[in-house]
Amino acid sequence: MDEQRRHHLLEITLPMNYPACPPSIAADVPYLPKLQWSESSRLKDVLCQFQEHLKVLQDYWSTMDGIDKALWVVDPTKPTYAMSHHRIALGDDCYILLHVDTHKPNSLPECRFLGTDGKLERLIKNWRKNRKRWSADRKFHENLATVLDFALPQPPSVSIKDDQQADCGICYATHLPVDDELGTQSGCAADYKCENPSCSRAFHSVCLRDWLRTITTTRSFDVLFGNCPYCSEPVAVKSTDS
């Protein structure tokens, strides 16, 4: 347990020549500490070093907690302490994919914008123009709103069914555009979900079909077989809408 009462699991694996060689460790942190080890070191020294490492990460986790509370985080749906990437909804089927610096969490993050090109143009322009206005003295979400120069959507305040709010894991839009070329799929919401319970990523079947066609897939009659882009679980989708 760290200073903010967050629980962390530390896995320690002992090598055959322990204690001459240090153990290996795994934990739910964005990066692991480099263990200081000598032949006189013991497991309690590993625990002490890990606890010191948790102290270093407190500002980072506080920043991530603030992002989760103040912004509409659509991915990951179940963040872990090791994750430094967040996809934030900006409205109008536009998103910003943030990578928060674990060493300087309140500094200007690396980012990538996702969504419709026309709607993203203003966001990208504002980001480039206002990025110098980012200040370490402000909260992360306040900085983001300042740089993008608009009020960011807050997290949904009401419970919405998964199939109502799911956005496609390929095009990142909730609904397909209204377009005659899409036929019956025009304006449709995500209608396919990965069957892996630990993934459950939603897709528009037309997006998944187009994606499967760009990679090596197996075709059987009118069905395309492949793997989920996120977890590699087998997926199958009709090759046509008919």
Under 17 Å from residue 129, Cα to Cα: aspartates and glutamates that are on another chain or at least 8 residues apart: 110, 121, 142, 149
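Shape verdict for the range 71-148, please, from the Cα gyration tensor: rounded (a/c under 1.5), prolate (a/b greater than b/c) or oblate. Present the calculation step by step, with values, prior to reporting the outcome.
Details: a/c = 2.03, a/b = 1.10, b/c = 1.85.
Taking the square roots of the gyration eigenvalues as a ≥ b ≥ c, the range 71-148 is oblate.
Full extension from residue 135 to residue 101: what is 0.36 nm times the residue separation minus their Cα-Cα distance, to one decimal in nm? It would help to have the intermediate numbers written out before the result.
Values: separation 34, 0.36 × 34 = 12.24 nm, distance 1.45 nm.
That pair, residue 135 and residue 101, stretches by 10.8 nm at full extension.
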Are any of the pairs 132/193; 69/238; 69/104; 104/193; 125/238 more than 31 Å apart by Cα-Cα distance, and if so, which? 132/193; 69/238; 104/193; 125/238
Other-chain or far-sequence residues with amide H under 5 Å of residue 192's (modelled H): 203, 205
Between residue 65 and residue 178, what length comes free when the chain is fully extended (0.36 nm per residue of separation minus the Cα-Cα distance, one decimal in nm)? 37.0 nm
Suppose R0 equals 51 Å. What FRET efficiency, 1/(1 + (r/R0)^6) with r the Cβ-Cβ distance, do residue 12 and residue 142 give to the nearest 0.05? 0.80
Hz values of 3J(HN,Hα) by residue in the range 179-186 - Karplus curve (6.51, -1.76, 1.60), Gly and Pro given as x: 8, 4, 5, 7, x, 5, 8, 4
Applying the Karplus parametrisation 6.51 cos²θ - 1.76 cosθ + 1.60 with θ = phi - 60° to the phi angles of the range 193-207, what ³J(HN,Hα) value in whole Hz is obtained for each residue in order, glycine and proline being reported as x? 10, 4, 7, 6, x, 7, 10, 6, 5, 9, 9, 7, 4, 5, 5
Spatial extent of the range 10-56: Rg and Dmax, with the Cα atoms as the point set, Å: 10.4, 31
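Fewest Cβ neighbours within 10 Å first, please rank 56, 73 accordingly.
Numbers: 56 13, 73 18.
With the sparsest Cβ surroundings first, the list reads 56, 73.
What full-extension length gain, to one decimal in nm, is calculated for residue 151 and residue 44 as 0.36 nm per residue of separation minus the Cα-Cα distance? Before the final figure, lay out the partial values.
Values: separation 107, 0.36 × 107 = 38.52 nm, distance 4.85 nm.
Once the chain is fully extended between residue 151 and residue 44, it gains 33.7 nm.
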C-alpha long axis of helix 117-130 to longest principal axis of the chain, angle in °: 40 degrees
Helix 43-56: angle to the longest alpha-carbon principal axis of the chain, degrees 0 to 90, nearest 10? 50 degrees
Pairs of Cα atoms under 8 Å, at least six residues apart: use those to get the relative contact order of the range 162-238, whole percent. 23 percent
Rounded to the nearest 10 degrees, the helix 58-70 long axis (Cα) sits at an angle to the longest Cα principal axis of the chain of 30 degrees
Helical mean residue ellipticity (222 nm; -39500 (n - 2.57) per DSSP H run of 4+; nearest 500) of the chain: -8000 deg cm²/dmol
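Taking each pair of different alpha-carbon atoms in the range 162-238 once, compute 1/r for the pair, average those values, and report the inverse of that mean as the Kirkwood hydrodynamic radius in Å to one decimal. Walk me through the intermediate numbers first.
Working: mean 1/r = 0.0787 Å⁻¹.
Result for the range 162-238 stands at 12.7 Å.
Every number here is computed from the coordinates shown, using simple stated rules; none is lab data. None of these values were measured; they are calculated from a predicted model. Methodologically, a virtual Cβ is constructed for each residue, glycine included, from the backbone with ideal geometry; neighbour enumeration extends over all protein chains shown.
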